[in-house]
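Novice: Please see the structure below; I have some questions.
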Amino acid sequence: MASPTPLTESVQAFHLEQRARGVSKHTARAQQGDLEKLVAHAVDAKWPGWDVSPRTLRRYALELGERGLDPASQARILSTARGFFRWLWDTGRIPMNPASGLRNPKQAIKLPAFLTEGESASLLALPEPVDFPTARLRCLLELLYASGLRVSELVGLDLQDVFFEQRTLRVLGKGNKERLVPFHPEAAAILETYLQFRRAHLAEKDLALKPPTAAIFLNVRGGRLTATSVRNLLQKAVEGAALRAHISPHALRHSFASHLLARGMDLRAIQELLGHASLSTTQRYTHLDLEQLSKTYDSAHPRAKKS
């Protein structure tokens, strides 16, 4: 084994302190891999130690991009480097922190997957509620699209969270924050139909004699349906409707937000419905498909109208 160098000695000390602080094994492995890349670069560039200039570190950041690493990987590596240099400075190993101004590369904006209005209608029209499984599937799909719930919020709904008179759901979102979310009359009718099949299912399976669960959505044994089960059910429905593959329950949430926005709903109102703490999160949904955008432009711009 090679003897430690001034570069590797500091890295080893950093890892020891991180473990003593109780960082997860996953984080520790990621940091180790990131710093191995930094050390390799430092050796190739013949750094005498970690007391380098900000310009030297910017060259390292530039090299990461030249090596073809995606922006997310570059950002993670540079984040580890910033933490390491901050630790070097805090512990008096270097006289200044050259990484304080080190910036991540610009991240490409990843638009969430969503269905068109026509695709949403095709998906919702498919499962005819004729028994417990089909009524449950139709209700799951309808509420996901009607209220924009996260799948975890959907499976967490209890019977007492539904207010039919006001047509609202009491939803427990992230950070245990409650919000009231409306749903439309058709969704209310589908929900009432499902609840009838739910009661019949419990009675038929002799599950009503056991302590009843408050969960709205049940599995075949009468327990609360899981998020994984919802994803599996949705995938089968997508295949049955011959829609694009790999549509997740979250795609219906994205569709809900996109379609409301396209029809003129205020962005802050959509933020409240989705339960986003920050408006910037909701702004991810402010996309229109190119065809719709082009049609809107052609019909609105004075010089876009063809003779």
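The values are calculated or read from the model by the stated rules, or taken from the named source; none is laboratory data. Since the model is a prediction, treat every value here as computed from it, not as a measurement. Ideal geometry is used to build each Cβ from the backbone, glycine not excepted, and the neighbour counts take in all protein chains shown.
Novice: Just the residues that are of a type outside the set (V, I, T) and in contact with a helix residue (DSSP H, G or I) (Cβ under 6 Å, 6 or more places away or on another chain), please, taken from the range 66-77.
Specialist: Listed by number, the list holds a single entry, Q74.
A quick yes/no check of all residues on (1) at pLDDT 90 or above; (2) under 29 Å from the mean Cα position of the chain (by Cα):
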site: E204; (1), (2): no, no
site: L207; (1), (2): no, no
site: K210; (1), (2): no, no
site: A215; (1), (2): yes, yes
site: L218; (1), (2): yes, yes
site: R221; (1), (2): no, no
site: T228; (1), (2): yes, yes
site: R231; (1), (2): no, yes
site: V238; (1), (2): no, yes
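Novice: Further, regarding this structure: List the pairs whose first member sits in the range 42-65 and is more than 19 Å from L88 (Cα to Cα), whose second member is of a type in the set (D, E), and whose Cβ atoms are under 6 Å apart, counting only residues at least 6 apart or on separate chains?
Specialist: That search, which allows pairs on different chains as well, returns nothing.
Novice: Tell me whether the range 132-155 contains one or more residues that are part of a helix (DSSP H, G or I), in contact with a helix residue (DSSP H, G or I) (Cβ under 8 Å, 6 or more places away or on another chain), surrounded by fewer than 22 Cβ atoms within 10 Å (Cβ to Cβ) and without any contact (Cβ under 8 Å) to a residue 24 or more places away in the chain.
Specialist: no
Novice: Let me ask another. Looking at the structure I just gave you, is L261 of a type outside the set (D, E, K, R), in a helix (DSSP H, G or I) and either modelled with pLDDT under 65 or within 22 Å of the chain's Cα centre (by Cα) (or both)?
Specialist: Yes; evaluated as a whole, the condition is true for this residue.
Residue-by-condition table, conditions (1) of a type in the set (S, T, Y); (2) surrounded by 12 or more Cβ atoms within 10 Å (Cβ to Cβ); (3) not in a helix (DSSP H, G or I):
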{"residue": "T8", "(1), (2), (3)": "yes, yes, no"}
{"residue": "V39", "(1), (2), (3)": "no, yes, no"}
{"residue": "V43", "(1), (2), (3)": "no, yes, no"}
{"residue": "V52", "(1), (2), (3)": "no, yes, yes"}
{"residue": "S73", "(1), (2), (3)": "yes, yes, no"}
{"residue": "R82", "(1), (2), (3)": "no, yes, no"}
{"residue": "F85", "(1), (2), (3)": "no, yes, no"}
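Novice: Among the residues of the range 87-128, write down those that are in a loop (DSSP other than H, G, I, E, B) and modelled with pLDDT of 90 or more.
Specialist: T91, G92, R93, I94, P95, M96, N97, P98, A99
Novice: Out of the residues in the range 151-194 that are under 15 Å from E272 (Cα atoms) and of a type in the set (V, I, T), state the one that is nearest to the chain's Cα centre (by Cα).
Specialist: Looking at residues that are under 15 Å from E272 (Cα atoms) and of a type in the set (V, I, T), I get V171.
Novice: For the range 57-71, which positions are of a type in the set (D, E) and either part of a helix (DSSP H, G or I) or surrounded by 14 or more Cβ atoms within 10 Å (Cβ to Cβ) (or both)? Lay out the reasoning, then the answer.
Specialist: As a first pass, look at the range 57-71 and keep what is of a type in the set (D, E): 63, 66, 70.
If the condition is that a residue be of a type in the set (D, E) and either part of a helix (DSSP H, G or I) or surrounded by 14 or more Cβ atoms within 10 Å (Cβ to Cβ) (or both), then E63, E66 are the ones that fit.
Novice: Please work out if L169 is modelled with pLDDT of 90 or more, outside any helix (DSSP H, G or I) and either assigned by TED's automatic domain parsing to the domain that holds A135 or crowded, with 16+ Cβ neighbours inside 10 Å (or both). Explain how you work it out, then say what you get.
Specialist: Numbers: modelled with pLDDT of 90 or more: yes; outside any helix (DSSP H, G or I): yes; either assigned by TED's automatic domain parsing to the domain that holds A135 or crowded, with 16+ Cβ neighbours inside 10 Å (or both): yes.
Yes, satisfied.
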